[in-house]
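Here's the structure, in structure tokens; my notes come after.
The values are calculated or read from the model by the stated rules, or taken from the named source; none is laboratory data. This is a predicted model, so every value here is computed, not measured. Neighbour counts run over all protein chains shown; Cβ positions are idealised from the backbone, glycine included. Calculation scope for accessible area: heavy atoms of the full protein, side chains included, ligands and nucleic acids excluded. Shrake-Rupley method; radii C 1.70, N 1.55, O 1.52, S 1.80 Å.
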Amino acid sequence: MRETLRTRLGWLHGWTGFVGGLLAVCIFTTGTLSVFDTEITRWMQPENRVPANAALTDTALNAASSLIHEQQLHGVPVFLALPSVRSPTLDVLHYDGRQFVGTLFDPRTGMPVPARATMGGTFFFRFHYTLLEGITGTRIVNIIGVALLVAIISGTVIHIRALVPDIVRLRLSATRLRGWLDAHLLAGVLVLPFTVMIIYTGVLVNAGLILPATSLAHLFAPQKPGTSAISGAKAAMAVPRPLPPLAPLLATARTSLQGRDAGFILFSPDRLGIYASDASGPILTRDHADFSLPDGRLLGTTTTPGPVAQAMQVMHGLHYARFAPLGLRWLYFVSGLCATATIASGLVVFLMKRRSRSGHRIGFRVGESLTIATLAGLPISILAFLWCNHLLPASVAGRDRLETGCFLGIWILCAGHAGLQSSGLHMNAAWRPQLRLIGLLGGGLPVLDVLTCPRAVYALPALHIAMDGTGMLAAATALYVRHRLGSDRT
């Protein structure tokens, strides 16, 4: 009975892990990069050389207030993002339907920063939780998260007896299947608590999208405009009032928010709300202090009451990790890489176990092509996205769309190459050139950085060392795997 249970759980673990794992690798890879989404955006805007902890002056706040009022008069709903350690500029932003765009101000002088248009790290964040498909994509991501939890539970039951002896073994000199399985177990067990936490909190954050309080017939129905959108349009039609000096309001809000720093300011025609920073603590809140316009009188402070709401705020905080200092952020990043490696090695093990009996089948070749396109094509596309950002002229129109098009176009080409080259008998034919391309793009990233934006490298060396070092790590890993493939044709 026990062996029958383990056999059935093995089938469940394998197929759930493979079908869900193809998308899960994309979700985890982009989610891991999203830990440093703000830093990636700064790297992709080398014109922005404002140092961290730059002092915020009244001059900068007044310049931002003037632009905000001007935008409001034109009917553009904007908000003000205040400087932080990670993003030291003062940003007047609005949502253009895809991302937040606007003007960046130097907080010391109030002068606009001529930063190039780019999707930046926001692209990876959006891809991570929507797959670039909006609400439908978010629902798919949540379903994949549930499937991964099933795969983790079944995999733990399967390997529980050999878990202790196998966790300390990494037999790279053994058979190829044994080596991949050891890597799968080792990476999986080391970050198991993190993986479970990040998947569980991610599913819980958007649980209402897969378990809605509506009939299942409307689960994937397109959204219709609601009353909130109508009321927002009416509010936008009202004549905005002049803004009072913001510096005194920020000081008052800090006191009202129990000493927490302000993160951003939202504006309406007759009031403004100063919201607590997401970096204030592990509980991600939307507590805010409201002020009337134009006199700037404090109207009150809004907090989220109740233990259930606070528990959800904790889940949000743990998943997004916006409170995390630099060391903890790197721990999230490394753990995310290990979780991605666990899923990726599981995909390879799944294919290797079935190659001898199913390698000649069309379904197997399609699965292998998709695996190659995911494990090799996705890193190539990410690196091409970064290269495109530095190679495109800073003033070219539609740069952000060109970056996205480059990412998707290169990925489609990698998938097409894998489909043409992959076969049941010669599995390495598609792996080798794509792994070499990762090595070329990742290894060449520091050279590209120095040649295209030397002043930014000099101004922010730590940021560029981290970015270029990550690219070189990807290159070294790909070239090592390419070396391990050798000349084997089986």
Does Leu337 count as of a type in the set (A, V, I, L, M) and open to solvent by less than 20 Å² (accessible area, probe 1.4 Å)?
no
Does Arg354 satisfy the criteria of being part of a helix (DSSP H, G or I) and at pLDDT below 90?
yes
Could you grab me the full set of residues in region 67-89 that are among the hydroxyl-bearing types (Ser, Thr, Tyr) and at pLDDT below 95?
Ser84, Ser87
Quick one: Ala229 ticks every box in (1) surrounded by fewer than 16 Cβ atoms within 10 Å (Cβ to Cβ); (2) modelled with pLDDT of 50 or more; (3) among the small types (Gly, Ala, Ser); (4) over 22 Å from His316 (Cβ atoms) except a single one, so which number is it?
(2)
Could you check region 282-302 and list, in sequence order, the residues that are open to solvent by 80 Å² or more (accessible area, probe 1.4 Å) and more than 26 Å from the chain's Cα centre (by Cα)?
Asp295, Arg297
Among the residues of region 344-367, are any closer than 22 Å to Phe127 by Cβ, surrounded by fewer than 21 Cβ atoms within 10 Å (Cβ to Cβ) and in contact (Cβ under 8 Å) with a residue 24 or more places away in the chain?
no
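State whether the residues of region 316-323 include one that is modelled with pLDDT of 90 or more, under 21 Å from the mean Cα position of the chain (by Cα), assigned to a helix (DSSP H, G or I) and surrounded by fewer than 16 Cβ atoms within 10 Å (Cβ to Cβ).
Our first condition is that a residue be modelled with pLDDT of 90 or more; within region 316-323, this holds for 316-323.
Pick out the ones that are also under 21 Å from the mean Cα position of the chain (by Cα) and you get 316-323.
Adding the requirement that they be assigned to a helix (DSSP H, G or I) leaves 316-320.
Add one more test, that the residue is surrounded by fewer than 16 Cβ atoms within 10 Å (Cβ to Cβ), and what stays is none.
No, region 316-323 contains no residue that is modelled with pLDDT of 90 or more, under 21 Å from the mean Cα position of the chain (by Cα), assigned to a helix (DSSP H, G or I) and surrounded by fewer than 16 Cβ atoms within 10 Å (Cβ to Cβ).
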Of the residues in region 274-299 that are over 17 Å from Gly259 (Cα atoms) and touching a helix residue (DSSP H, G or I) at 6+ places or on another chain (Cβ under 8 Å), the one that is modelled with the highest pLDDT is Phe291
Take region 344-370 and flag every residue that is closer than 15 Å to Thr29 by Cα and in contact with a Ser or Thr (Cβ under 9 Å, 6 or more places away or on another chain).
Ala344, Leu347
Conditions first: (1) open to solvent by 40 Å² or more (accessible area, probe 1.4 Å); (2) touching a residue at least 60 places away in the same chain (Cβ under 8 Å). His390 passes all but one, so which condition is the exception?
(1)
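Considering each of His69, His74 in turn, give the residue that is open to solvent by 30 Å² or more (accessible area, probe 1.4 Å) and touching a residue at least 12 places away in the same chain (Cβ under 8 Å).
Values: His74 fails: touching a residue at least 12 places away in the same chain (Cβ under 8 Å).
Step by step, each of His69, His74 is checked, and only His69 is open to solvent by 30 Å² or more (accessible area, probe 1.4 Å) and touching a residue at least 12 places away in the same chain (Cβ under 8 Å).
Would you please name the residue that is farthest from His360 (Cα to Cα), looking only at residues in region 413-428 that are open to solvent by 30 Å² or more (accessible area, probe 1.4 Å) and either modelled with pLDDT of 75 or more or of a type in the set (Asp, Glu) (or both)? Explain how you work it out, then say what you get.
We begin by selecting, within region 413-428, every residue open to solvent by 30 Å² or more (accessible area, probe 1.4 Å); these are 413, 415-417, 419-421, 425-426.
Next cut, either modelled with pLDDT of 75 or more or of a type in the set (Asp, Glu) (or both) only: 413, 415-417, 419-421.
On the way: Leu413: 24, Ala415: 20, Gly416: 19, His417: 19, Gly419: 14, Leu420: 15, Gln421: 14 Å.
So, considering only residues that are open to solvent by 30 Å² or more (accessible area, probe 1.4 Å) and either modelled with pLDDT of 75 or more or of a type in the set (Asp, Glu) (or both), the one farthest from His360 (Cα to Cα) is Leu413.
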Residues in region 85-97: is at least one surrounded by 18 or more Cβ atoms within 10 Å (Cβ to Cβ), in contact (Cβ under 8 Å) with a residue 40 or more places away in the chain and acidic (Asp, Glu)?
no
Of (1) closer than 17 Å to Ile40 by Cα; (2) surrounded by 19 or more Cβ atoms within 10 Å (Cβ to Cβ), Leu473 satisfies every one except (2)
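Keeping to region 427-461, report how many residues are over 27 Å from Pro51 (Cα atoms) and in a helix (DSSP H, G or I). Walk me through how you get there before you give the answer.
Looking only at region 427-461, we keep the residues that are over 27 Å from Pro51 (Cα atoms), and these are 427-441, 443.
Filter once more, keeping what is in a helix (DSSP H, G or I): 428-441, 443.
Adding up the residues that qualify gives 15.
Which residue out of Asn53, Asn48 is in a loop (DSSP other than H, G, I, E, B), within 31 Å of the chain's Cα centre (by Cα) and more than 30 Å from Gly97 (Cα to Cα)?
Details: Asn48 fails: more than 30 Å from Gly97 (Cα to Cα).
When all the criteria are applied, what remains is Asn53.
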Kindly evaluate His464 against the criterion of being touching a helix residue (DSSP H, G or I) at 6+ places or on another chain (Cβ under 7 Å), surrounded by fewer than 20 Cβ atoms within 10 Å (Cβ to Cβ), outside any loop (DSSP other than H, G, I, E, B) and at pLDDT 95 or above.
no
Going through region 257-281 in order, the residues found to be in a helix (DSSP H, G or I) and open to solvent by 40 Å² or more (accessible area, probe 1.4 Å) are Ala279, Ser280
Residue pairs within 7 Å by beta carbon, gap of at least six or interchain, first lying in region 141-163 and at negative phi and surrounded by 15 or more Cβ atoms within 10 Å (Cβ to Cβ), second among the small types (Gly, Ala, Ser) and modelled with pLDDT of 85 or more, listed first then second, are Ile144/Gly20; Ile144/Ala24; Gly145/Gly202; Ala147/Gly20; Leu148/Gly20; Leu148/Ala24; Ala151/Gly17; Ala151/Gly20
Take region 342-381 and flag every residue that is under 19 Å from Gln434 (Cβ atoms) and among the hydroxyl-bearing types (Ser, Thr, Tyr).
Ser345, Ser369, Thr371, Thr374, Ser381
Exactly one of Arg489, Arg432, Arg482 is at pLDDT below 95 and open to solvent by 60 Å² or more (accessible area, probe 1.4 Å), and that residue is Arg489
Which of the residues that make up region 145-186 are modelled with pLDDT of 70 or more and of a type in the set (Asp, Glu)?
Asp182
